[in-house]
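**Q** Got a structure for you, questions after.
The values are calculated or read from the model by the stated rules, or taken from the named source; none is laboratory data. Every value quoted in this text rests on a predicted model; they were computed, and no experiment measured them. Here the Cβ positions follow ideal geometry from the backbone for every residue, glycine too, while neighbour counts run over all protein chains shown.
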């Protein structure tokens, strides 16, 4: 089956609107996991007071909010996402932090509704890989950046390096419950430094730097991991909870067994994760 980009865009927007409440509930866990990534990205763009920074596919805006703290008194951050529900969560977080230099706007990263050369830096943490056309999105990123401006991004490394996703995917696949085909965008679509470099070069970026970061997902128990996965992964949530109750129990028990190698004697899960981070200059 050929990939339908427009259908993907529509379903993606719907999924993120529906998933937002789960992401808000789990924002503390997400913040802890992603902190090394966000800090790497902030260091890569080196935001200075007075500058304007754009965050694309921001979700709850954690990376952009870190930048906002460094841009005062006259600079600011535009936090954007295609899902209004995500921006509602970001707005609440910005308010709780007392940040007044944050603007929030619904934007499509493939057609950024901003003028040419209007921002000093762009952040996109785990976003380009999910887009129907990441090449166009990066070209748009390059367009809105001022000469010498910087982009910093993150994409997940391969599925094999991320058992938190690999094992649930295997479980569903072996039960004939696999989701979208290989051609569809997903968390691991850009899991290659070569591919990321190729896309950045194609969009006109230079001074490209790509690194690998090792992360750790920690969960108090398998129950905790199960509930968080249902909250954060709309595809897993919909596929699993659409099954009869007895089969849901089977999936859960089988998955708990798969994660036994990552489970301590106290029942805590410690699961490795790996992401690619990249920075480049316009």
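**Q** Given the criterion in a strand (DSSP E or B), touching a residue at least 40 places away in the same chain (Cβ under 8 Å) and either in contact with a strand residue (DSSP E or B) (Cβ under 9 Å, 6 or more places away or on another chain) or within 29 Å of residue 214 (Cα to Cα) (or both), identify the matching residue among 146, 142. Before you say what the answer is, go through the steps one by one.
**A** Details: 142 fails: in a strand (DSSP E or B).
Only one candidate qualifies: 146.
**Q** Here are some conditions: (1) crowded, with 16+ Cβ neighbours inside 10 Å; (2) at pLDDT 95 or above; (3) out of contact with any strand residue (DSSP E or B) (no Cβ under 8 Å at 6 or more places or on another chain). Residue 225 meets all but one. Which one does it not meet?
**A** Only one criterion is unmet by residue 225, namely (3).
**Q** Got a sec? Which of 8, 39 is touching a residue at least 24 places away in the same chain (Cβ under 8 Å) and surrounded by fewer than 17 Cβ atoms within 10 Å (Cβ to Cβ)?
**A** It is 39.
**Q** Assigned to a strand (DSSP E or B) and either over 23 Å from residue 159 (Cβ atoms) or in contact with a helix residue (DSSP H, G or I) (Cβ under 7 Å, 6 or more places away or on another chain) (or both): is that true of residue 271 in this structure?
**A** On the way: assigned to a strand (DSSP E or B): yes; either over 23 Å from residue 159 (Cβ atoms) or in contact with a helix residue (DSSP H, G or I) (Cβ under 7 Å, 6 or more places away or on another chain) (or both): yes.
So residue 271 fits the description; yes.
**Q** Condition first: in contact (Cβ under 8 Å) with a residue 60 or more places away in the chain and within 15 Å of residue 176 (Cα to Cα). Now tell me which residues in the stretch 219-246 satisfy that.
**A** 235, 236, 239, 240, 243
**Q** Pull out all pairs, ordered by first then second residue, where Cβ-Cβ is under 7 Å, the residues are six or more apart or on different chains, the first lies in the stretch 43-67 and is farther than 24 Å from residue 28 by Cα, and the second is part of a loop (DSSP other than H, G, I, E, B).
**A** Here the result reads 49/72; 49/73; 49/74; 49/75; 50/74; 50/75; 51/75; 52/75, each pair linking the stretch 43-67 to a residue that is part of a loop (DSSP other than H, G, I, E, B).
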